[in-house]
Structure formats: structure tokens, C-alpha cells
Amino acid sequence: MVDDLGRWAEPGLLVLTSLADGAKHGYAITTDITAQVGVTLGPGTLYAALARLEERGLIEGLPAEGRRRPYRLTAAGAAELSAQAARMQRLAALSLSRLRPA
């Protein structure tokens, strides 16, 4: 499943990262992602990503708070995020080592 999430700015990966520090509703996820990485997800993109992640068991919806429904990371979601982060870290280290002058 690691390769399913794609590039670093893939919406699913950004959502998992946002939820890593606690449950959030859609608007809070969007504002967190924008503030932290400068990527703005539109509502259609966000809710499609939330649906895919929930379907895969990587996040779960919590009871609605008024009109807002918070989501949280599952254990499987945390494991997937950890695997993705480790993969990106290895790629970054390799890239930087190859870019350094000899």
C-alpha cells in the first residue's frame, strides 16, 4: 500500500500528516496543510481523499460536532504514514548525497 499514496503532495499523504497530531474536521485539516506545507486542497479534493483513506482503514470518522465531522488517524494510518515518511527520508538523503560536490 505504500506506493498507493504517490508523491509527497498527494492529498492522502497530506491528510494523514495533518491528522498525526490529533483529530480534525475538514476545514481544520485544510488550514493545517496550507499553513504547514503551503498546499491548498479544494473541498472536492479533500473529501475525496478523506473517503479513500477511510475506505482503506487509514482514518476513521468520529461523531459529528454540529455540522462538522472530525476524523482521526487509525493505527494502520499511523503505520502507513511512518512508512511513507521513512521512504521520503531515504530518498531525500540519497538525493542530497548525490548533489554534494565531490
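Bear in mind that the values in this text are calculations on the coordinates, not laboratory data. Note that this is a predicted model, so its numbers are computed, not measured. Note that we place each Cβ from the backbone using ideal geometry, even for glycine, and neighbour counts take in every protein chain shown.
Using θ = phi - 60° in the Karplus curve 6.51 cos²θ - 1.76 cosθ + 1.60, the 3J(HN,Hα) couplings for the range 68-84 round to 9, 10, x, 10, 9, 6, 8, 4, 5, x, 5, 5, 5, 4, 4, 5, 5 Hz; x is entered for Gly and Pro.
Along the positive direction of the dipole of the chain (beta-carbon charges: Lys, Arg +1; Asp, Glu -1; about the Cα centre), which of Gln84, Ser95, Gly22 reaches farthest? About the Cα centre, the residue reaching furthest to the positive side is Ser95. When only Cα pairs below 8 angstrom with a gap of at least 6 residues are kept, the range 2-97 shows a relative contact order of 31 percent.
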